[in-house]
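Have a look at the structure below before the remarks.
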Amino acid sequence: MRDADLGGLFQAVFDRYGWDFRSYAHASLRRRVERHLHREKLPGLAELRAAVLADPAAMERLFAAITVHVSEMFRDPDFYRAFRERVVPVLSTYPYLRFWVAGASTGEEVYSLAILLHETELYARSRIYATDINDTVLQQAKSGIFPLGSMKDYVRNYQAAGGLHSFGEYYSADSEFAVFRPFLRQNVVFASHNLAGDASFNEFHVIFCRNVMIYFDRTLQNRVHELFFNSLLTLGYLGLGRSESIRFSPHEDDYEAVARGQRLFRKLR
Amino acid sequence: MIVIGASFGASRTLPLVLGPLTPGFPDAIAVVVHRHRESDQRLVELLQVHCALPVSEAVDKEAFQPGRIYLAPADYHLLVESRHFELSTDEPFNFARPSIDVCFESVAHACGAAAIGVLLTGANADGAVGLAKIKVAGGTIVVQEPTDAECPVMPAAALALVRADYIRSARAIPALLVRLAAEAAQSGPG
């Protein structure tokens, strides 16, 4: 698969549908498209391009293949522990709190945050904005239904993250699914938002965007950093994935690290 | 770009392979090891004790430099682009994240004939398909002699799938890498 052909596909997608994947990280994008070709039983990019341009349903399937990100609850427990220990005490001095989980996907991060805020008695004064480019995954997030098989890992993460209760209190289970309790999404607003094009829509005390920007190239990452910087209140917090850096971002010097070894930053100015 | 895959037995084998390399080594080295996600920074520290070359975990979009060793972070796939790394949290591939196949495949695409793939000890078949892709792209592939490996399954699986350019014991690999990297540096970046 030639890079030029991949670029051509996404230029055509942009021209026809307005979806802009031209600044997505190349190696990941190539892998996703290859998997998609395989699943769709298409021989190559030319055929995919023809199918997508002729049929919006084919575009929807490609869109899903590119935009669905995998996460888990309390991924990197140390991150949540640091958040609980270093950030929560500061947040508890505010009368009202706005959180933005950007690239919320199927909602694992959203429920993790809601549970943490519940246990630290901040949830009642919090509103969490959970956004994603993909409405289908957001609907799934909103449903609060997760595969029961994942709970074993999540329980372990939750405990390592400093969880105070029994994780099982937060959902009811049948043989296949865990359904999370409705109060965990009572203070959550699920909304469509495209980091690659949409503007800021509020000012936040905390923004989480973990393992989302790894799928963007440097140029788009810088754009998103600009967006986050403009969407954070002064002294607000930015949480990234464990192997993401703000080094070389245009706002590197506008943040300080909150906890050693964690990608948790505070906006200074 | 030299890319090394290892699984069961990696912590004893990697020091033999990487320890003898000295500063000025003319190529970047990426290392993918299957490990438990809680193992965290310890593997970096363990390798650094044995290595003269600086060892670090790859960070997303980090530009790689010759003479440095980059370890795939736990629980991420490590992908190689022409000048930098990319990370992904896509599903585990054949139960592995990081997956050696995923990394090798990206190196084959990004580096072509300049790719040098090395597969060491391990208890599964990860890396075999990736080595084949490096070979097809014109790169060089090195497999640890299975009888020399702490666990022979992974190198044997690769040898069953693809003809290696070199089959060597772990102790013989560093000298080979020095030669291959010098040759690659002379023929220019791929």
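FYI, it's all coordinate maths here, none of it is from the lab. Here the structure is a predicted model, which is why all the values come from computation and not from measurement. Backbone-built Cβ (ideal geometry, glycine too); neighbour counts: all protein chains shown.
List every DSSP H helix in chain A whose Cα atoms extend 20 Å or more along the helix's own long axis and whose mean Kyte-Doolittle hydropathy is at least 0.0. Each step should come with its number before you reach the end.
On the way: long enough: A:3-17 (21 Å, 0.03); A:26-40 (21 Å, -1.75).
Those that clear 20 Å and a mean of 0.0 are A:3-17.
Of the chymotrypsin sites (Phe, Trp or Tyr not before Pro) in the stretch A:183-246, which ones lie in a loop per DSSP and count no more than 16 other C-beta atoms within 10 Å?
Details: sites: A:PHE183, A:PHE190, A:PHE201, A:PHE204, A:PHE208, A:TYR215, A:PHE216, A:PHE228, A:PHE229, A:TYR237; in loops: A:PHE201.
Sparse-neighbourhood loop chymotrypsin sites (Phe, Trp or Tyr not before Pro): A:PHE201.
The stretch A:47-67 to the stretch A:1-29: how many Å between their Cα centroids?
12 Å
Between A:ALA57 and B:GLU91, what is the FRET efficiency for a Förster distance of 25 Å, r being their Cβ-Cβ separation, to the nearest 0.05? Numbers along the way, then the final one.
Numbers: r = 24 Å, r/R0 = 0.96.
The formula returns an efficiency of 0.55 here.
Using θ = phi - 60° and the Karplus form 6.51 cos²θ - 1.76 cosθ + 1.60, what ³J(HN,Hα) does each residue of the stretch A:179-185 get, whole Hz, x for Gly and Pro?
Values, residue by residue: 10, 6, 5, x, 4, 6, 10 Hz.
Which of the trypsin sites (Lys or Arg not before Pro) found in the stretch B:85-190 are in a DSSP loop and have at most 14 neighbouring Cβ atoms, other than their own, within 10 Å? Kindly include the intermediate steps, with their values, before the conclusion.
Working: sites: B:LYS133, B:LYS135, B:ARG163, B:ARG168, B:ARG171, B:ARG179; in loops: B:ARG163.
Hits after loop and neighbour filter: B:ARG163.
For every other residue with a beta carbon closer than 14 angstrom to the beta carbon of A:GLU203, add +1 if it is Lys or Arg and -1 if Asp or Glu, then tell me the sum.
Numbers: positive: A:ARG98, A:ARG127, A:LYS267; negative: none.
Net charge around A:GLU203: +3.
Whats the longest run of chain A with zero GluC sites (Glu not before Pro) that are DSSP loop and have at most 13 other Cβ atoms within 10 Å? Mind showing how you got there, number by number?
Values: sites that count: A:GLU121, A:GLU176, A:GLU203.
Value returned for the longest uninterrupted segment is A:1-120.
What's the center-to-center distance, using Cα atoms, between the stretch A:203-225 and the stretch A:73-107 in Å?
Rounded to whole Å, the Cα centres lie 16 Å apart.
Treating the beta-carbon of each Lys and Arg as +1 and of each Asp and Glu as -1, no other charges, what is the dipole magnitude of the protein assembly as shown about its Cα centre, to the nearest 20 debye?
Details: 47 positive and 52 negative charges, 62 e Å.
Charge dipole, the protein assembly as shown, about its Cα centre: 300 debye, nearest 20.
I need the calculated FRET efficiency for the pair A:TYR94 and B:SER82, taking r as the beta carbon distance and R₀ as 51 Å, to the nearest 0.05.
Details: r = 46 Å, r/R0 = 0.89.
Given R0 = 51 Å and the Cβ-Cβ separation, E is 0.65.
Could you give the length gained by full extension between A:SER143 and A:ALA191, i.e. 0.36 nm per residue of separation minus their alpha carbon distance, to one decimal place?
Working: separation 48, 0.36 × 48 = 17.28 nm, distance 1.37 nm.
Extra length from A:SER143 to A:ALA191 when fully extended: 15.9 nm.
Which chymotrypsin sites (Phe, Trp or Tyr not before Pro) does the stretch A:6-108 hold that lie in a coil by DSSP with at most 16 other beta carbons within 10 Å? Mind showing how you got there, number by number?
Details: sites: A:PHE10, A:PHE14, A:TYR17, A:TRP19, A:PHE21, A:TYR24, A:PHE63, A:PHE74, A:PHE79, A:TYR80, A:PHE83, A:TYR96, A:PHE99, A:TRP100; in loops: A:TRP19, A:PHE21, A:PHE74, A:TYR96.
Answer by residue number: A:TYR96.
Residues with beta-carbon under 12 Å from that of A:LEU268, excluding A:LEU268: net charge, scoring Lys, Arg +1 and Asp, Glu -1? Provide the component values of the computation, followed by the final result.
Numbers: positive: A:ARG266, A:LYS267, A:ARG269; negative: A:GLU252, A:ASP253, A:ASP254, A:GLU256.
Result for the local shell: -1.
Could you tell me the calculated FRET efficiency between A:LEU164 and A:ALA65, based on Cβ-Cβ distance and R0 = 51 angstrom, to the nearest 0.05? Mind dumping the intermediate values first?
Numbers: r = 39 Å, r/R0 = 0.76.
Here the calculated transfer efficiency is 0.85.
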